[in-house]
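K.L.:
Structure in structure tokens, see below.
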Amino acid sequence: MFFASENRETVRSENPGIAFGQIGRILGERWRALSVEEKEPYEVKAANDKKRYESEKAQYAASKADAYEE
């Protein structure tokens, strides 16, 4: 997701008039072409975002449980 977000506009500017599905295909090809080291920063961002999401989800669930008990 982070890789695609950072590179989507580049793909669009390099390929004017490109269809939405083709953008995803090109982004996928570029992702697969990256080395493990090149993928690492994006994977770290994704892991951190997953932790953030899980934390927010737990807080939301707790607030709903508290509201239900009242």
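K.L.:
Is it fair to say S55 is part of a helix (DSSP H, G or I), open to solvent by 60 Å² or more (accessible area, probe 1.4 Å) and of a type in the set (S, T, N, Q)?
P.N.:
Considered against the rule, which asks whether it is part of a helix (DSSP H, G or I), open to solvent by 60 Å² or more (accessible area, probe 1.4 Å) and of a type in the set (S, T, N, Q), S55 comes out as no.
K.L.:
Filter segment 31-52 down to the residues that are outside any loop (DSSP other than H, G, I, E, B) and more than 15 Å from the chain's Cα centre (by Cα) and list them by number.
P.N.:
Correct list: R32, A33, V36, E37, E38.
K.L.:
Taking the condition of being open to solvent by 90 Å² or more (accessible area, probe 1.4 Å) and either in contact (Cβ under 8 Å) with a residue 24 or more places away in the chain or in contact with a Leu (Cβ under 7 Å, 6 or more places away or on another chain) (or both), how many residues in segment 10-40 meet it?
P.N.:
Summing the residues that are open to solvent by 90 Å² or more (accessible area, probe 1.4 Å) and either in contact (Cβ under 8 Å) with a residue 24 or more places away in the chain or in contact with a Leu (Cβ under 7 Å, 6 or more places away or on another chain) (or both) in segment 10-40 gives 0.
The values are calculated or read from the model by the stated rules, or taken from the named source; none is laboratory data. All figures in this text were calculated on a predicted structure; none of them were measured in a lab. Here Cβ is always computed from backbone atoms with ideal geometry, including for glycine, and neighbour counts include all displayed protein chains. To get the accessible areas, we keep the full protein, side chains included, count just its heavy atoms, and leave off ligands, DNA and RNA. Shrake-Rupley method; radii C 1.70, N 1.55, O 1.52, S 1.80 Å.
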